[in-house]
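Here is the structure we will look at.
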Amino acid sequence: MKIFLDGSYVEAADAKISVFDHAVLYGDGVFEGIRLYQGCVFRLDDHLERLEFSAKAIMLKLPMTREELAEAVCETCRRNGLSDGYIRLVVTRGVGNLGLSPSSCARPSIFIIADKIELYPREHYERGLTVVTVPTRRSGPAALSPAIKSLNYLNNIFARVEASMSGASEAIMLNEQGYVSECSGDNIFTFFKDKLYTPPASSGALKGITRDVVIEIAAEFDIPLVEANLTRYDLWIAEECFLTGTAAEVVPVVQIDGREIGDGKPGAVSARFMDAFHKRVASEGTFL
Ligand code: PMP
């Protein structure tokens, strides 16, 4: 496997970064997870824009332009002979001393991994997921803004571990006010009385690219989309619920906190969104 690392394409075994990189020492850096569908890097420009926003927020100057990054992403896919896959684009703060201040870090490192995707089990999509609300809250905007896709994912990892301990596939995370924010690696939507609901970005939800696509599909379907604070109660009484994310795509939820959603089977509206999403993936984005 060839990895892009700071301008070169190297074998995976040679793709190394320093133990003094602040990404390793402090989780200081930003990243994107991107999908490749039939030779099309899905919404690459949107991902690169979000990466630029994350980098700006942490005051990291990207050493490559958007065009250069796009070309490096595509070339990494080409060199690995991929037409479908999962891409991880990571920007680290770079090598510095042991102090917290990034001022000792001379230049950021960029690496890109493009690999075959390990798809989620089919039964997740056919039978739906069981999810639970976990004790760990989504970090608030006054601390580490959850809009920044940073390399510090401990908050989400706690949530994921807590979900697994309860035998659930995903964790619903509340914000500090107790409203639903998102899942450990996915955004959340519900369908109730002919409207689609999702927590606003101000709830602490990441502005997911898949979330954006689903919002566009809702407009196409003439289904009103409400970005509103949701409580756990709102989730429990929903007629349908689904999660969205680059890796998960659109995946139905059939049980939340022990309560059956709808009739306990993936709903018809979720199926329409899954189908519409799949119709878009190989045509919207950057072709290799
Ligand atoms: N929330 C979190 C915390 C995530 O890590 C992700 C995955 N990037 C998402 C939501 C979904 O975002 P996207 O659709 O852009 O993958």
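Quick note: the coordinates plus some simple rules give every number you see, no bench work behind them. Given the structure is predicted, the values throughout are model-derived calculations rather than measurements. Cβ placement follows ideal geometry from the backbone for every residue including glycine, while neighbour counts extend to all protein chains displayed.
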Check your understanding: To the nearest 20 debye, what charge dipole does the chain have about its Cα centre, counting +1 at the Cβ of each Lys and Arg and -1 at the Cβ of each Asp and Glu?
Key -> 500 debye
Review point. Using the count of nearby Cβ atoms within 10 Å as a rough guide to exposure, how do VAL214, VAL161 rank from fewest to most?
Key: VAL161, VAL214
Practice item. Give me the net charge of LYS2's neighbourhood, meaning all other residues with Cβ under 11 Å from the Cβ of LYS2; Lys, Arg count +1, Asp, Glu -1. Key: -2
Revision key, fill the gap. Among trypsin sites (Lys or Arg not before Pro) in segment 105-145, those in a DSSP loop whose Cβ has at most 12 other Cβ atoms within 10 Å are LYS116
Review point. Give or take rounding to whole Å, what are the principal axis extents of the alpha carbon atoms in segment 83-146, in descending order?
Key: 51, 38, 18
Revision key, fill the gap. Under Stokes-Einstein, the chain at 4 °C and 1.567 mPa s, with its Kirkwood radius over C-alpha pairs, diffuses with a coefficient in µm²/s of 66 µm²/s
Check your understanding: Roughly how many Å is it from the Cα centre of segment 220-271 to that of segment 138-206, as a whole number?
Key -> 14 Å
Exercise for review: May I ask you to list the lysines whose Cα is less than 17 Å away from that of LYS116, ignoring any residue fewer than eight positions away on the same chain?
Suggested key: LYS2
Point to revise | Net charge, ALA114 excluded, C-beta distance under 15 Å - Lys, Arg +1, Asp, Glu -1 | key: -1
Study note, to complete from the structure: Note to self: Kirkwood Rh of segment 148-193, Cα pairs, one decimal, Å, is 11.6 Å
Study note, to complete from the structure: By Cβ neighbour count within 10 Å, fewest first, MET173, MET165 rank MET165, MET173
Point to revise | Charge tally in the Cβ shell below 9 Å around ASN155, where Lys, Arg are +1 and Asp, Glu are -1, ASN155 excluded | key: +2
Practice item. Calculate the translational D of segment 125-276 in whole µm² s⁻¹ from Stokes-Einstein, where the hydrodynamic radius comes from the Kirkwood formula applied to all Cα pairs, the temperature is 37 °C and the viscosity 0.692 mPa s. Key: 218 µm²/s
**Study point:** Within a Gaussian network of the chain (alpha carbon springs, distance under 10 Å), most fluctuating of PRO63, PRO121, PRO252
**Key:** PRO121
Review point. For ILE237, ILE188, what ranking results if the residue with the fewest other Cβ atoms within 10 Å of its Cβ goes first?
Key: ILE237, ILE188
Point to revise | Contact order relative to length of the chain, as percent, for alpha carbon pairs under 8 angstrom and 6 or more apart | key: 20 percent
